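Got a structure for you, written out below as structure tokens; questions coming shortly.
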Amino acid sequence: QVQVVESGGGLVQAGGSLRLSCAASGRTFRAMGWFRQAPGKEREFVAARGWTAGSTVYADSVKGRFTVSRDNAENTIYLQMNSLKPEDTAVYYCAAAIVAADLPSDYEYGYWGQGTQVTVSS
């Protein structure tokens, strides 16, 4: 049984930091990524990492502020979020893929977590 479980969300003031974690199990994955959905908006790509080439991709809106990393021993990724802004407020979803062709595209990911709320106050 495949499981994708996020943790680490919460409330933080603008300029602060949070670290999200995500663990996936039950299959062999080739990439994992983070997406987010703010109220009234569509889900958008945040960051992702491919296992084979070690490729890392970020949305323009988070470049220089967010860092995605992997625990090489596990199907676990982290999202370190620094210099948070109120517009980063959203439910953050972790996703896992068995292929790693187009990391920013949500259709690549067949397995999703339940989401974790991140709220940034001004």
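Which one of Val91, Val46, Thr76 has its Cα pushed farthest toward the positive end of the charge dipole of the range 13-122, where Lys and Arg give +1 and Asp and Glu give -1 at the Cβ?
After comparing all options, I get Thr76.
Place a +1 charge on the Cβ of each Lys and Arg in the chain and a -1 charge on the Cβ of each Asp and Glu, then give the dipole magnitude about the Cα centre in debye, rounded to the nearest 20.
The dipole of the chain has a size of about 180 debye.
Taking the alpha-carbon centroid of each part, what is the distance from the range 105-122 to the range 38-98 in angstrom?
Using only Cα atoms to place each centre, the spacing works out to 8 Å.
Right, something else. Carbon and sulfur atoms: what percent of the 1.4 Å accessible area of the range 6-82 do they account for?
Within the range 6-82, the accessible surface is 43 percent carbon and sulfur.
Taking the mean number of other Cβ atoms within 10 Å as a proxy for protection, how do you rank 24-34, 88-98 from highest to lowest? All intermediate terms of the calculation are to be shown ahead of the outcome.
Details: 24-34: 19.6, 88-98: 22.0.
Output ranking for 24-34, 88-98: 88-98, 24-34.
Same structure, new question: With a probe of 1.4 Å, find how much accessible area the range 65-122 has per residue, and write the answer as a whole number in Å².
45 Å²
The values are calculated or read from the model by the stated rules, or taken from the named source; none is laboratory data. Only a predicted model underlies this, so the values are computations on that prediction, with no experimental measurement involved. Glycine gets a Cβ as well: all are built from the backbone with ideal geometry, and neighbour counts include every protein chain shown. The area values use the complete protein model at the heavy-atom level, side chains included, leaving out ligands, DNA and RNA. Shrake-Rupley method; radii C 1.70, N 1.55, O 1.52, S 1.80 Å.
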